[in-house]
Each structure stands twice: as C-alpha cells, then as structure tokens.
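The values are calculated or read from the model by the stated rules, or taken from the named source; none is laboratory data. Note that the structure is predicted; figures quoted are calculated from it, not measured. No Cβ is skipped: glycine too gets one built from the backbone with ideal geometry, and neighbour counts run over all protein chains shown. Accessible surface areas use protein heavy atoms only, side chains included; no ligands, DNA or RNA. Shrake-Rupley method; radii C 1.70, N 1.55, O 1.52, S 1.80 Å.
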Amino acid sequence: MDLVSDYSVVIIGAGPAGCSCAISILNAGVANVTLVDTSKTGKFHIGESIPPEMNPILRQLGISEAFLAQKHEPCFGSCSYWGNEKRGYNDSILSPFGHGWHLNRSQFNQFLVNEAVVRGAKVLSGHSYQSSTTTERGYQLNLKSKAGASSSIEADFVVDASGARSIFATDKGSKKQHETPLVCLALRFKNKGLREVSKLTHLESVENGWWYAARIPNEQLLVTLYTNVETVKKLRLNNLKNWIKLLQQSPNTHQWIAQMEPIDHRLLGFPAQSFCLDKVVGENWLAIGDAASAYDPITSQGIIKAITQGMRAAEIIGHCKIGAIEALPYFQKEVMHQYDQYKEARQHFYCLEQRWPQSQFWREMHGLSRT
C-alpha cells in the first residue's frame, strides 16, 4: 500500500450528490474533505434536464451565479401525451422559480467538481473503492487506481455517493429493497437545420412503455424509450431497426425526429433501477443520492434528490462531529419517508394511463400500486 493520508470526510463518488455534500461541508467550515472520483472522462449521462425548483437550491448551495455563467440552455417546461391522446403542457412561465435547464451533463458534473475544489476539496481522480476496515477514528479505505496501483486513505466519516452501485453501503451489509426496474434505450439525433429543436421536454406513453425526448447541446435531441426487460426481449428492442420501427409507430414522438437523423449507430442502454437501501446509515457513514435510493425517472426527481440529500447529509455530518450521533437514525427516517412519497408519486403517474389494460408493461406498472 502507498502512504496513508488522513481526511475528515471521504466521499465516494463525485456526481451531483457527492459534490453537493462536499460543497456544503466546506461552506460550513469543515476542512480536509476528499472526493474519490470513479467517473470516466467523457462518459455520456442520461439525465439531461432540471426543473425550475433547482434554481433556489443552487442559490442555497452558493453556486447559482457560477452555474448561470456555464450558459446551459433554458428548458421552458414539458409537453406530454399521457392518459389520453390530447397534448398537455407544464409550462415554467407559471413557476415562481423561473425556467428550468437543459443540461450539458458532463459540463455540469465537472462544474460541481470544480466548485468543490475551489472551496478546498481534494479529488482523487481515477480511483475506485475496493474495501475498508474499521479504525479507532473511523475507516481505512482501500483504493485502486486506473493503472492498478493500490493505496489507502483514512477517514473520520465516509459518505457513499457511488450511485446505484452503493458500493460502500452494501459492503457494510445494507440490502437493496427493489421495486420493478425499467430499462432505458436511447438514441441521439442531430438536427438537419430545417427547424429549431424544441426547448420543451417531451413525454408520450405508448402500449409498450413511454418515450422521453429532450434537447441536448449542439442542436441535438435525445430520444429514449423506457420499458421493462420482458418487453425488450419480446420485441427485440436491443436491435436498432426494431427500436426505430417502434418509434415510428408512436403517434407523436416520431414527429420530433422527422427532420433529424441518428448520430449513434447503436442504441445506448441504461438500467433505470428503483430501490431503497434498508440501511442508509451506519457508524460514521451514510449513503446519499442514488446510492441510498434510486427513483423511476417518471418522477423527474433524480438530480434534485441527489443535491438536496447531499446538502442535508452535510448538516447531519456536522451534528455527528459535535457528538449528536442521533442525527444518523433521523437521516435514515428522512430518506425512508422521501422514498415512500416517491412511491406514491410513481403510482399516481402510472395509474393515470389506463388505455392498454392487456399490455404486459402497463399491467406490471399498475401492479406496483397493489404491492
């Protein structure tokens, strides 16, 4: 092992949850914070839009002006075809928080890392968590670099912000309580210059799932199908031609790509897990963001949940550092309560769609409300 370094707080993961936690801790005056960044440079991220409610959160985090300087494209709301054939709108013009944003997600993630660094965070790039041992003060974390070199660091407190892998929490014995997962199959399209790409997001429910489309940088459109594994297998949707055929059969989404052409030669596949850990806290550690609970994307809460949990975790860690360890089980209750609210919202959205009672997909999703 290399020389051991000591940290007050080690955060495993440098996405929105981990970075917001680091920024909040450092804003509160706690020094010696490090992020273990396991992300891959240039990796494509599926989450591309944030709602107006994110604006006051960014101000509270102290990064609003710097965020605006990044010049992400505005998102003025969404249009949807859900529950019937009529188009519905959710316009941000009525929001007291202004409009939302179409994110350049890679740029946004790097922005958050930079904001943490400016405040004093250290970033261990290209390192992955391997294992840990308990020490008198906290934990010794064993890491491995991309080159395969082993090293270890010590931490008074550990935050698992590793995403849906939940690598530290599951290593400590936490179990995932799964709901019905979805699969996301996506393709990027480029504009031929015949018309401007809409600045609204688009949703459309169909017999075998639901479509989501959103503007991404460089006049491009991300089109995604959310469905379940059984439907993917039955319709062979991993095959690009079959996916395109299903898209062309959608009453409305296919119109968005009528004057566009695909960028990718193969589909981009992502799991859309839905779960909550049975234990999101332990002695001198807690889990946040998708490491603690992963939400179905229909609720559009992923990034907001990640950042607000990161900020709240920083408060909890502050309480723990002055001996108020009862803050940890309180955080556990908060996360569980949020997850219960999320399940109610998901049930509501899926039960709004009743047009295909014989569809295997919708039978399964409606079954969520009965379990």
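General observations
- Segment 229-246 - residue that is without any contact (Cβ under 8 Å) to a residue 24 or more places away in the chain and open to solvent by 60 Å² or more (accessible area, probe 1.4 Å) and, of those, nearest to Arg363 (Cα to Cα): Lys233
- Of the residues in segment 113-123, at least one is part of a loop (DSSP other than H, G, I, E, B) and surrounded by fewer than 19 Cβ atoms within 10 Å (Cβ to Cβ).
- Some residue of segment 200-216 being farther than 28 Å from Gln341 by Cβ, out of contact with any Pro (no Cβ under 8 Å at 6 or more places or on another chain) and at pLDDT below 90: yes
- The requirement of being hydrophobic (A, V, I, L, M, F, W, C), at pLDDT 95 or above and part of a helix (DSSP H, G or I) is fulfilled somewhere in segment 246-260, by at least one residue.
- In segment 269-292, the qualifying residues are those that are in a strand (DSSP E or B) and buried (at least 20 other Cβ atoms within 10 Å of the Cβ), and the one that is nearest to the chain's Cα centre (by Cα) is Ala272.
- Residue count for segment 351-364, restricted to those that are in contact with a Ser or Thr (Cβ under 7 Å, 6 or more places away or on another chain) and either at pLDDT below 95 or surrounded by fewer than 16 Cβ atoms within 10 Å (Cβ to Cβ) (or both): 3.
- Checked against the criteria, His348 does not count as surrounded by fewer than 19 Cβ atoms within 10 Å (Cβ to Cβ) and closer than 25 Å to Leu61 by Cα.
- When segment 88-106 is filtered for residues that are out of contact with any strand residue (DSSP E or B) (no Cβ under 6 Å at 6 or more places or on another chain), open to solvent by 40 Å² or more (accessible area, probe 1.4 Å) and either part of a strand (DSSP E or B) or not small (Gly, Ala, Ser) (or both), the ones remaining, listed by number, are Ile93, Leu94, Pro96, Phe97, Asn104.
- Single condition Glu364 does not satisfy, out of (1) more than 27 Å from Val280 (Cα to Cα); (2) outside any helix (DSSP H, G or I); (3) not hydroxyl-bearing (Ser, Thr, Tyr): (2)
- Qualifying position, being modelled with pLDDT of 95 or more and more than 17 Å from the chain's Cα centre (by Cα), among Val197, Val117: Val117
- Complete set of residues in segment 320-333 that are open to solvent by 80 Å² or more (accessible area, probe 1.4 Å) and assigned to a helix (DSSP H, G or I): Lys321, Tyr330, Lys333
- Some residue of segment 248-268 being closer than 30 Å to Leu141 by Cβ, under 26 Å from the mean Cα position of the chain (by Cα) and buried (at least 19 other Cβ atoms within 10 Å of the Cβ): no
- Selection of segment 74-87 for residues being open to solvent by 30 Å² or more (accessible area, probe 1.4 Å) and farther than 20 Å from Leu221 by Cβ yields Asn84, Glu85, Lys86.
- One residue stands out among those in segment 334-345 that are within 30 Å of Gly138 (Cβ to Cβ) and of a type outside the set (Val, Ile, Thr): the one that is least open to solvent (accessible area, probe 1.4 Å), which is Tyr339.
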